[in-house]
Amino acid sequence: MTKIKTISCIGAGYVGGPTMAVIALKNPHIRINVVDMNPEKIALWNSDNMDDLPVYEPGLSEIIQEVRGKNLFFSTDVDQAIRDAEMIFISVNTPTKSYGIGKGMAADLKYVELCARQIGKGATRDKIVVEKSTLPVRTASSIKKIFAAQQSNISFSVLSNPEFLAEGTAINDLLNADRVLIGGEETEAGQKAIQSLSAIYEAWLPKERIISTNIWSSELSKLTANAFLAQRISSINAISALCEKTGANVDEVAKAIGADSRIGSKFLKSSVGFGGSCFKKDILNLVYLCRHFGLQEAGDYWEQVIKINDYQKQRFAENIVTALFNTVSGKDIAFFGWAFKKDTNDTRESAAIEIADKLIEEQAVITVYDPKVKYARMIEDMNYLDTRSEEENEKALNFETDPYEAAKDSHAIAVITEWDEFKTYDWQKIYSSMKKPAFVFDGRNILDHEDLRKIGFIVRGIGKQ
Ligand code: UDX
Ligand code: ADP
């Protein structure tokens, strides 16, 4: 086993940045270069102002301050980083394909392939290459083929080491990981590479939490873990629709079933729909994989998890229109939150986007307040949908830096993200400033509904009236 002293990570995003920060913190003897082809992003990672870091994660800026310039470095020089490192992590983005075969389903591997070619071309000595991005099963073997075609005298070991961190709790998830999964080849070189990577994690995690498997089990486990988590949310969201019709309370149902230790209480919170860069993408990947192998029924089963999620977002928007006397035309609706969950500035697949789109189609005017997301990001999200022009989006979607201003004179508030600070607001003051009757549509529980009702709000929550 080689004791690693130099690591490079290609891709300085939500995965690469926090993961390398924690590895650097716990392995002061390893020099880590994080590289990205986006110079603006790298400049932000190197900024003295910690508010500028491109990723917001509780606890991240403190670690960056401690290790940056000591054993953690950010740069745009990808080739140099490839030459220097004994171990290279690939943490580039793998969005869903937006063109050609597998459009809207399969993962777009162009960034990974580009990265693999660059590594293959630039390597001057043996390397361990670690897949950190979530990838379809059997990508590792494609990566290996690319290397082999470019350099026959250098040995490349490819490992799969999927990331299980959740945004908003990434640092804690890394420091106290339930498990670390490392997939490698069942050859001597493959097993040695697994040990080298395992040693890095053993700097802070007990050995029993490090699970090694073959490469394809590791790749498939990542997709499966996310599919199971998302399935729980879609299951409870499907029940929330029934609760609204029957008078049952979905939070009570979730509590009651979660108390069964076979079911467990986590990931049973009914919501406006799951978002984030992983769940939808990974399930689509799984569906594509099943269908590719002719397993139509298995593919249809997992696809239903996404369909229920779309249904939930649609239902939430429709509930708003129905409650506001069947029309929101010309009405002002305040959105509390735009991020896909609290404690992150990430908006990828946020339910906010489609709900806003639907309400704007119904001619509502939206004013968003989010403590971490910038207006430019929101407009980009809306433009990406391609439903209307940028000017039209800017007209229909406004932004306020003060939540009280966002709510003022509005007909309703839609709570999209469960930011903790919403609980601390003076809701009496908010109520007084709104048009009456004043509504709160609670997609992510913020306050006790009874408390809001006492003030005078009409409260409509997921799974409750
Ligand atoms: C997820 C996985 O949790 C993580 O292991 C993987 O590495 C990446 O994908 P992430 O998307 O960052 O992480 O956040 P997560 O906490 O899983 O939340 C995803 C979405 O589900 C959010 O929109 C969240 O609000 C929603 N959610 C979560 C619910 O609607 N109900 C729940 O009970 C839990
Ligand atoms: P994730 O959530 O998976 O971390 P991000 O989009 O936040 O995804 O980050 C991925 C990063 O990878 C981006 O900053 C992008 O610029 C970078 N990237 C993609 N391809 C390459 C490449 N070939 N070389 C260097 N950086 C790359």
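Taken over segment 244-286, the criterion of being part of a helix (DSSP H, G or I), open to solvent by 20 Å² or more (accessible area, probe 1.4 Å) and closer than 21 Å to residue 170 by Cα is satisfied by 279, 280, 281.
The rows are residues; the columns are (1) within 15 Å of ligand 2 (Cβ to nearest atom); (2) open to solvent by 30 Å² or more (accessible area, probe 1.4 Å); (3) within 19 Å of residue 114 (Cβ to Cβ); (4) in the same structural domain as residue 160 (by TED's automatic domain parsing).
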residue: 13; (1), (2), (3), (4): yes, no, yes, yes
residue: 29; (1), (2), (3), (4): no, yes, no, yes
residue: 46; (1), (2), (3), (4): yes, yes, no, yes
residue: 53; (1), (2), (3), (4): yes, no, no, yes
residue: 63; (1), (2), (3), (4): no, no, no, yes
residue: 68; (1), (2), (3), (4): no, yes, no, yes
residue: 76; (1), (2), (3), (4): yes, yes, yes, yes
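Of everything in segment 138-153 that is in a loop (DSSP other than H, G, I, E, B) and open to solvent by 70 Å² or more (accessible area, probe 1.4 Å), the residue that is nearest to residue 293 (Cα to Cα) is 138. Listed by first and then second residue, the pairs linking a residue in segment 55-70 that is closer than 22 Å to residue 6 by Cβ and at pLDDT below 95 to a residue that is of a type in the set (Ser, Thr, Tyr) and surrounded by 20 or more Cβ atoms within 10 Å (Cβ to Cβ), with Cβ atoms under 8 Å apart and 6 or more places separating them unless they lie on different chains, form an empty list. Residue selection: residue 344 fails the criterion of being assigned by TED's automatic domain parsing to the domain that holds residue 409, assigned to a strand (DSSP E or B) and either open to solvent by 10 Å² or more (accessible area, probe 1.4 Å) or within 16 Å of ligand 1 (Cβ to nearest atom) (or both).
Mind checking whether some residue in segment 287-296 is open to solvent by 10 Å² or more (accessible area, probe 1.4 Å) and within 20 Å of residue 419 (Cα to Cα)? No - not one qualifying residue is present in segment 287-296.
Name the one entry in 22, 15, 55, 35 that is within 16 Å of ligand 1 (Cβ to nearest atom) and touching an Asp or Glu at 6+ places or on another chain (Cβ under 7 Å). Within the list 22, 15, 55, 35, the selection yields 15. Filtered by the rule that a residue be within 10 Å of ligand 2 (Cβ to nearest atom), more than 23 Å from residue 194 (Cα to Cα) and of a type outside the set (A, V, I, L, M, F, W, C), segment 81-117 gives 93, 94, 95, 110, 111.
Filtering segment 203-233 to residues that are within 30 Å of residue 309 (Cα to Cα) and either of a type in the set (A, V, I, L, M) or within 16 Å of ligand 2 (Cβ to nearest atom) (or both) leaves 219, 220, 222, 223, 225, 226, 227, 229, 230, 233. The single condition among (1) open to solvent by 30 Å² or more (accessible area, probe 1.4 Å); (2) assigned to a helix (DSSP H, G or I); (3) within 16 Å of ligand 1 (Cβ to nearest atom) that residue 241 does not meet is (1).
Taken together, the residues in segment 81-126 that are open to solvent by 50 Å² or more (accessible area, probe 1.4 Å), assigned to a helix (DSSP H, G or I) and of a type outside the set (Lys, Arg) amount to 5.
Scanning segment 402-409 turns up at least one residue that is modelled with pLDDT of 95 or more, under 26 Å from residue 57 (Cβ atoms), assigned to a loop (DSSP other than H, G, I, E, B) and more than 16 Å from ligand 1 (Cβ to nearest atom). For segment 166-190, which residues satisfy the criterion of being open to solvent by 40 Å² or more (accessible area, probe 1.4 Å) and under 18 Å from residue 143 (Cα atoms)? If the condition is that a residue be open to solvent by 40 Å² or more (accessible area, probe 1.4 Å) and under 18 Å from residue 143 (Cα atoms), then 185, 186, 187, 189 are the ones that fit. Taking the criterion of being touching a residue at least 40 places away in the same chain (Cβ under 8 Å), within 16 Å of ligand 2 (Cβ to nearest atom) and of a type in the set (D, E, K, R), the residues of segment 152-202 that qualify are 163, 167.
Kindly indicate whether residue 221 is open to solvent by 40 Å² or more (accessible area, probe 1.4 Å) and in the same structural domain as residue 120 (by TED's automatic domain parsing). Against the criterion (open to solvent by 40 Å² or more (accessible area, probe 1.4 Å) and in the same structural domain as residue 120 (by TED's automatic domain parsing)), residue 221 does not qualify.
The set of residues in segment 383-414 that are closer than 28 Å to residue 427 by Cα and of a type in the set (Lys, Arg) comprises 395, 408.
So, residue 133, is that one open to solvent by less than 60 Å² (accessible area, probe 1.4 Å) and either in contact with a strand residue (DSSP E or B) (Cβ under 9 Å, 6 or more places away or on another chain) or within 15 Å of ligand 2 (Cβ to nearest atom) (or both) or not? Answer is yes for this residue.
The values are calculated or read from the model by the stated rules, or taken from the named source; none is laboratory data. Please read all numbers here as calculations on a predicted model, not as lab measurements. For neighbour counting, all protein chains shown are included, and Cβ atoms are generated from backbone atoms with ideal geometry for every residue, glycine included. Please note that ligands, DNA and RNA were not included when accessible areas were found on the heavy atoms of the full protein model with its side chains. Shrake-Rupley method; radii C 1.70, N 1.55, O 1.52, S 1.80 Å.
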